[in-house]
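Trainee: One structure follows; several queries about it will come next.
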Amino acid sequence: MSKDEALVALVGSPNVGKSSIFNRLTGLSQHVGNWPGKTIEQKTGVCRLPGSTVRLVDLPGSYSLSANSPEELVTRDYLLSAAPRLVLVVVNATSLERTLYLLAEVAELGLPVAVVVNMLDVAEQHGQRVDAAALGRALGVPVVGISAVQASAQAEVLDMLDNALSAYPPARLSPPTLSPDLEAVLEALQPLLPPELSASYPPRFTAIKLLEGDRQMLGLARAASTPDGWAAIEALLEAHDDAVLEIAGARYAWIGALTQQALRRPAHGAVMLTERLDRVATHPVWGAVLLIAVLAALYGLVFQLSAPLVALLESVQSAAADWLRTALHAQPAWVQGLLADGLLGGVGTVLTLLPVLALFFAMIALLEDVGYLARGAYVADRLMHRLGLHGKSFLPLFLGMGCNVPAISGTRILDTPRERMLTAVLAPLVPCAGRMSVLVFIAGALYRAWAPLVLVGLLAIDVGVIVLSARLLGRATLRDHAPGFIMELPLYHLPNARTIALYTWQQIAEFLRRAGSVILLVSLLIWALSSAPNGVLETSWLANIGQWLAPFGRLMGMDWRSLTSLLASVAAKEQALATLAILTGSAGDLSDALPKLLSPAAGLAFLIVQMLFIPCVATIAALKAETRSWRLTASVVAYLAILSFGLGIVVYQVLRLIDWGV
């Protein structure tokens, strides 16, 4: 950071509109990464003031500065270690008392502070009014009241930032007043703290956290203290084990004094719009009906609206490939194939995903902006909790029925790294549209009138596998259990087009940055395997791999052609049918050739393997992008390969034992 840059930390609880303010101030000048050693997203951006520049760091949403979650720990450690010029705290006018609690804890750090009261318009729609000027006088620090969705919000916040950063001395909050007895305890506790701890954390703040039972602070104090020193600290903490209640009471008294001066509530007994709508949206029965309707509409809109765009991009890609082959007619065939099929094929895969992803993220942003996403998660929570997940995970998994890529990318809407990781790992088990098209075609060709019953059975098996995998992966891989589901239900309000558009653009850009190159490289690899050494698929290295696996395939009643089509489906699930058509010499009558290739028992094993097999390259790339781990991605690929082939072998061998359809 240059000398003329001012470091400003943006802090706030979840659902206060902090990200909207960050986007307003920084626009597209943002960098998204991860906090060192964490899977929590880190956002930094730059905004301009007259004569100076502000580097804005958007800290994770936190309800407090206690170590109750990784997000809270990241926020606390950053504020203490980075020493920002200013802490910009965002509070929500619709839930002022709750969101001021974080401000009460920030006050105990002694850092320069300014406050943004957001969602004034939503609060007024629900009969609440916050006087930002009165709140500023009570706090003694700069306060501005805005509605982040309005264009004027950016100028108002920037003007306050300029004044706050120019002030000397900078404005600091007076922390909540504790009782004389508790102050005496703090005075007695601070000299007992080990010097190493006092050098890293403010002694008074550390003493308060110890009295609150903060797990991380207790661990640090125990590790840095001598046995006698820790014994003295522990004895003092045990003698005042009820101090946590008094500390919280002092903070709420501080908040109460502020809201008494700055907040006007609706008339007693008034029924607000949110309450009326939630009678349906959160109802055990009607809420579930509404959720299904919303998801069906979302699913339909995303894939119906994207279909023409995808078709257009596919036709453009095909035309570009034909033009390239014509332009390169004098070049060797492998050069034409590399550029026209390998390179353009990979680029085409990326481009055809963009309409689906853009519409998906726009719809998600819309639902979240109006306040419905939290209600849908609340209704779905009972079902998802059986999988060790929370309600929000239902939405990405449901979208996986259309395409696994937006399902995996959509895990970004989830709140904790554990939920994002587990949901992303489970998403490839959801049969996407491409996979389903293969299953429907092959089942129809093999089983005719019985095909619908076979497909229902396949989906039932898939649901069972997802449930068992969720329990297995949740316990064995992630090694922790889902905490209790606590979600704030924000007030309903009108969406903002700019917020939705910016969110969609950021997610698309992030997908291209993380996954685009991987899709391109693996597409080239699949092309190379299917083309080398002589450009003929039947004698290619990919076919050789299928022939090498033929003895293994016989355990499922399959020959090398079926196995090769499974391997080719890694490029795209629909490629399985095209490969089968080429290898069986039945481009126009594949449905007639399949019963000759696969017996009923082998066909059922093939369908099960296809349903659970390694996902397409785009899904693998998205999984790597979201987990940021090749090791975990490779583990998921290996798990799906073993699971699919293992279950296929079991099914075929059982049917063989009972002499059915072999």
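Each value in this text was obtained by applying a stated rule to the coordinates, not by laboratory testing. All of these numbers come straight from a predicted model, not from anything done at the bench. Every residue, glycine among them, receives a Cβ derived from its backbone with ideal geometry; neighbour counts consider all protein chains shown.
Trainee: Please report, in debye to the nearest 20, how large the charge dipole of the range 5-166 is about its Cα centre when each Lys and Arg carries +1 at its beta carbon and each Asp and Glu carries -1 there.
Mentor: On the way: 11 positive and 15 negative charges, 43 e Å.
Dipole size: approximately 200 debye.
Trainee: For the range 180-239, what is the relative contact order in percent, using Cα pairs closer than 8 Å and at least 6 residues apart in sequence?
Mentor: On the way: 34 pairs, mean separation 24.0, N = 60.
RCO, the range 180-239: 40 percent.
Trainee: Something else now. Arrange the peptides 7-13, 321-327 so that the one whose residues have, on average, the most other Cβ atoms within 10 Å appears first.
Mentor: Going from most to least packed, we get 7-13, 321-327.
Trainee: Please order His283, His126 by the number of other Cβ within 10 Å, starting at the fewest.
Mentor: Fewest-to-most Cβ neighbours within 10 Å comes out as His283, His126.
Trainee: Could you size up the charge dipole of the range 180-239 around its Cα centre, putting +1 on the beta carbon of Lys and Arg and -1 on that of Asp and Glu, and report it in debye to the nearest 20?
Mentor: Taking the Cα centre of the range 180-239 as origin, the dipole is about 220 debye.
Trainee: Continuing with this model, one more query. Arrange the following residues from fewest to most other Cβ atoms within 10 Å of their Cβ: Met556, Met436.
Mentor: Going from sparsest to densest Cβ surroundings: Met436, Met556.
Trainee: Using Cβ counts within 10 Å as a stand-in for footprinting exposure, how do Phe606, Phe205 rank, fewest first?
Mentor: Lowest count first: Phe205, Phe606.
Trainee: Kirkwood hydrodynamic radius for the range 180-239: how many Å is it when counted over pairs of different Cα atoms?
Mentor: 11.2 Å
Trainee: Take every DSSP beta bridge with both residues inside the range 5-166 and express the antiparallel ones as a percent of the total, to the nearest 5.
Mentor: So the antiparallel bridges amount to about 40 percent of the total.
Trainee: Any idea what the dipole of the range 152-253 comes to, in debye rounded to 20, about its Cα centre with Lys/Arg Cβ at +1 and Asp/Glu Cβ at -1?
Mentor: Here the size comes out at about 220 debye.
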